[in-house]
Amino acid sequence: METPIAEAVRELLGALPAGAVIQDRDRLAEYGHDESDLGTWPADVAVLAGSALDVQKVFAIAARHRVPVIPVGARSGKSGGILAVQGGIAVSTERMNRILEVSPEDLVARVEPGVITGVLQAEVERHGLFYPPDPNSLEICTIGGNVAENAGGPRALKYGVTREYVLGLTVVIPTGEILKLGHRSIKGVAGYDLTALFVGSEGTLGIVTEVMVKLLPRPRHVATALVAFESVAVAARAVSRVLAQGVIPRCLELLDDVSLAAAMKTSPFQFPAGAGAALLLETDGNDEEQVFGEIVRIAGIVQGDAAGEVVVAQNEAQRRAIWETRRYLSVNLKTLHPLKLSEDVAVPRSRIPEMVERARRAGQGRGLVVATYGHAGDGNLHCNVLFDREDERPRVDEAVAEILRAAVELGGTITGEHGVGLAKRDFLVYEQGAELVDLQRRLKGVFDPLGILNPGKIFAPS
């Protein structure tokens with residue numbers, strides 16, 4: 001007698017186009033890992049979906065045989081959200097990669113989930129438009145993955161995260177319905193906001209097959225600056241002073257002393273000796289004089305706390321050089337220690353110095369180094385535990401647990417943009433409490449009564 005998964009594979013081969021079903025073990029392994037450092041968990045079979053109807057067929061077969069379905073995007077996630085912890089059918093949306101429409105009249109775009117975020121940004125800019133969400137992996141991550149994780153990025157301080165730009169979705173849910181959620185209009189309050197519910201649901205409620213996003217007119221001018229400080233506490237004080245003056249920069253990025261030491265390995269800028277932190281600041285708008293004036297104003301606000309002069313980019317080449325200091329940081333940290341585990345917590349802005357210090361102590365108490373950087377403007381910090389050998393992993397996990405608990409104790413959250421997934425599911429109850437987590441389990445059951453969609457993610461086994 002065939003096993004349920006063998007029967008499911010046989011039916012998939014008959015129901016889907018030639019070449020859409022992958023059974024080769026080496027290729028399956030490619031769909032079984034992401035950037036979470038949690039290892040490789042391949043599914044039993046993978047499907048390259050080309051439409052919502054393909055996804056609907058997969059769910060029908062999976063439901064019949066009670067086998068799991070795992071949505072897979074670009075595999076750039078940090079939380080283990082695409083790992084097939086119980087085997088089953090991986091459904092990749094990489095073939096669904098068309099930009100269906102860009103409308104300057106309505107300021108919207110319609111895209112399939114496999115569209116690379118950076119590709120969408122470049123396309124809408126050709127029309128004089130702007131899609132603000134900018135995760136650090138924008139050159140490889142997809143819109144579908146951004147929707148699943150409610151991705152943010154440096155520009156979230158001024159422009160918000162993915163949820164603020166999703167007007168509508170087409171979603172296939174495990175019961176087989178193809179749902180059209182949301183609307184093309186900017187405003188609309190009819191019924192429950194199911195569109196927002198799906199954004200950030202980490203592939204546990206349904207598989208997105210089309211996304212309608214809101215666009216903005218593209219800011220024509222951008223000004224960028226870099227400034228060093230004596231310590232994180234002084235840098236955080238400067239952040240508060242800037243925001244208190246009514247200035248909302250497009251970006252306000254923080255680097256602690258360990259991050260700064262790594263950044264200086266490739267940065268073209270020389271920081272003052274003894275600098276313990278740095279801020280990357282950016283403003284934008286349509287009036288060049290106003291934009292540059294705003295960055296000069298910010299420079300004046302922070303200059304009194306700065307260690308050395310504020311570096312204001314004078315041209316596009318200098319802007320790119322400043323951003324390379326930030327964007328290559330994750331890679332440069334590995335020159336200090338070859339291995340690292342990164343966790344993205346978020347805390348109130350006033351607690352940033354304490355969060356950085358508690359993360360540092362969590363590492364020091366176990367003989368480890370922690371580098372913290374991130375989006376100071378909205379309190380979203382990336383705490384990177386650095387280590388040299390895999391046999392140090394138990395101590396690393398202990399440090400991470402302490403960091404996550406510290407974030408909650410300071411009034412924050414265990415994740416600001418990477419999601420819970422598999423990596424942080426054991427800490428969700430610590431943040432939200434058992435009653436709220438149980439309510440979310442019941443809500444998932446409405447969309448996924450058989451429990452076949454992305455099992456083992458967000459919620460720890462009951």
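Pick out the one residue from 46, 29 that is in contact with a Ser or Thr (Cβ under 8 Å, 6 or more places away or on another chain) and in a helix (DSSP H, G or I). Give the steps one after another, and end with the answer.
Numbers: 46 fails: in a helix (DSSP H, G or I).
Checking each option against the conditions leaves just 29.
With the requirement that a residue be touching a residue at least 12 places away in the same chain (Cβ under 8 Å), of a type in the set (A, V, I, L, M) and out of contact with any Lys or Arg (no Cβ under 7 Å at 6 or more places or on another chain), what does region 11-45 give you?
Once the filter is applied, which keeps residues that are touching a residue at least 12 places away in the same chain (Cβ under 8 Å), of a type in the set (A, V, I, L, M) and out of contact with any Lys or Arg (no Cβ under 7 Å at 6 or more places or on another chain), region 11-45 yields 12, 20, 21, 22, 28, 29, 38, 43, 45.
Here are some conditions: (1) surrounded by 21 or more Cβ atoms within 10 Å (Cβ to Cβ); (2) touching a strand residue (DSSP E or B) at 6+ places or on another chain (Cβ under 8 Å); (3) in contact (Cβ under 8 Å) with a residue 60 or more places away in the chain; (4) over 12 Å from residue 89 (Cα atoms). Residue 8 meets all but one. Which one does it not meet?
Among (1) surrounded by 21 or more Cβ atoms within 10 Å (Cβ to Cβ); (2) touching a strand residue (DSSP E or B) at 6+ places or on another chain (Cβ under 8 Å); (3) in contact (Cβ under 8 Å) with a residue 60 or more places away in the chain; (4) over 12 Å from residue 89 (Cα atoms), residue 8 violates only (4).
Being hydrophobic (A, V, I, L, M, F, W, C) and part of a helix (DSSP H, G or I) is the filter here; which residues of region 15-26 pass it? Talk me through it step by step, then tell me what you get.
The first filter runs over region 15-26 and keeps only residues hydrophobic (A, V, I, L, M, F, W, C), leaving 15-16, 18, 20-22.
Within region 15-26, 15 is the sole residue that qualifies.
How many residues are among the aliphatic types (A, V, I, L, M) and surrounded by fewer than 18 Cβ atoms within 10 Å (Cβ to Cβ) if we restrict to region 11-21? Reasoning before the result, please.
First, pick out the residues of region 11-21 that are among the aliphatic types (A, V, I, L, M): 12-13, 15-16, 18, 20-21.
Restricting the remaining residues to those that are surrounded by fewer than 18 Cβ atoms within 10 Å (Cβ to Cβ) gives 13, 15, 18.
Qualifying residue count for the region: 3.
Are any of the residues in region 331-345 in contact (Cβ under 8 Å) with a residue 40 or more places away in the chain, surrounded by fewer than 17 Cβ atoms within 10 Å (Cβ to Cβ) and within 20 Å of the chain's Cα centre (by Cα)?
Within region 331-345 (the criterion being in contact (Cβ under 8 Å) with a residue 40 or more places away in the chain, surrounded by fewer than 17 Cβ atoms within 10 Å (Cβ to Cβ) and within 20 Å of the chain's Cα centre (by Cα)), the answer is no, since none of the residues qualifies.
Give the number of residues within region 147-195 that are part of a loop (DSSP other than H, G, I, E, B) and either among the small types (Gly, Ala, Ser) or open to solvent by less than 20 Å² (accessible area, probe 1.4 Å) (or both).
Taking region 147-195 and keeping what is part of a loop (DSSP other than H, G, I, E, B), we get 150-155, 160-161, 173-177, 183-193.
Add one more test, that the residue is either among the small types (Gly, Ala, Ser) or open to solvent by less than 20 Å² (accessible area, probe 1.4 Å) (or both), and what stays is 151-154, 160, 173-174, 176, 185, 188, 190-191.
Looking only at that region, the number is 12.
Starting from residues that are β-branched (Val, Ile, Thr) and open to solvent by less than 10 Å² (accessible area, probe 1.4 Å), keep the ones in region 30-54 and report whichever is nearest to residue 422 (Cα to Cα).
First, pick out the residues of region 30-54 that are β-branched (Val, Ile, Thr): 40, 45, 47.
In the following step, the residues that additionally are open to solvent by less than 10 Å² (accessible area, probe 1.4 Å) were identified as 45, 47.
Values: 45: 20, 47: 22 Å.
Among residues in region 30-54 that are β-branched (Val, Ile, Thr) and open to solvent by less than 10 Å² (accessible area, probe 1.4 Å), the one nearest to residue 422 (Cα to Cα) is 45.
For the structure I just gave you, tell me whether residue 27 is among the basic types (Lys, Arg), within 22 Å of residue 445 (Cα to Cα) and either open to solvent by 20 Å² or more (accessible area, probe 1.4 Å) or modelled with pLDDT of 95 or more (or both). Give the derivation first.
On the way: among the basic types (Lys, Arg): yes; within 22 Å of residue 445 (Cα to Cα): no; either open to solvent by 20 Å² or more (accessible area, probe 1.4 Å) or modelled with pLDDT of 95 or more (or both): yes.
Considered against the rule, which asks whether it is among the basic types (Lys, Arg), within 22 Å of residue 445 (Cα to Cα) and either open to solvent by 20 Å² or more (accessible area, probe 1.4 Å) or modelled with pLDDT of 95 or more (or both), residue 27 comes out as no.
For residue 120, indicate whether it is farther than 22 Å from residue 345 by Cα and surrounded by fewer than 24 Cβ atoms within 10 Å (Cβ to Cβ). Step through it out loud before you land on a result.
On the way: farther than 22 Å from residue 345 by Cα: yes; surrounded by fewer than 24 Cβ atoms within 10 Å (Cβ to Cβ): yes.
So residue 120 fits the description; yes.
Select, from 109, 62, the only residue that is within 30 Å of residue 283 (Cα to Cα) and open to solvent by less than 10 Å² (accessible area, probe 1.4 Å).
Numbers: 62 fails: within 30 Å of residue 283 (Cα to Cα).
Answer to the check: 109.
With touching a helix residue (DSSP H, G or I) at 6+ places or on another chain (Cβ under 6 Å) and either closer than 30 Å to residue 218 by Cβ or outside any helix (DSSP H, G or I) (or both) as the only criterion, which of 345, 296 stands out? I'd like the intermediate steps shown before the answer.
Working: 296 fails: touching a helix residue (DSSP H, G or I) at 6+ places or on another chain (Cβ under 6 Å).
Of 345, 296, the one residue that is touching a helix residue (DSSP H, G or I) at 6+ places or on another chain (Cβ under 6 Å) and either closer than 30 Å to residue 218 by Cβ or outside any helix (DSSP H, G or I) (or both) is 345.
Condition check: surrounded by 15 or more Cβ atoms within 10 Å (Cβ to Cβ), under 23 Å from the mean Cα position of the chain (by Cα) and assigned to a helix (DSSP H, G or I). Does residue 325 satisfy that? Give the steps one after another, and end with the answer.
Values: surrounded by 15 or more Cβ atoms within 10 Å (Cβ to Cβ): yes; under 23 Å from the mean Cα position of the chain (by Cα): yes; assigned to a helix (DSSP H, G or I): yes.
Here the answer is yes, as residue 325 does meet what is asked.
If you check every pair at least six apart or on different chains, which have Cβ atoms under 6 Å apart with a residue in region 315-328 that is within 10 Å of residue 224 (Cβ to Cβ) first and a residue that is surrounded by fewer than 17 Cβ atoms within 10 Å (Cβ to Cβ) second?
321/268
The values are calculated or read from the model by the stated rules, or taken from the named source; none is laboratory data. As the structure is a computational prediction, the values presented were derived from the model and not from experiment. For neighbour counting, all protein chains shown are included, and Cβ atoms are generated from backbone atoms with ideal geometry for every residue, glycine included. Areas reflect the complete protein model, heavy atoms only, side chains present, ligands, DNA and RNA absent. Shrake-Rupley method; radii C 1.70, N 1.55, O 1.52, S 1.80 Å.
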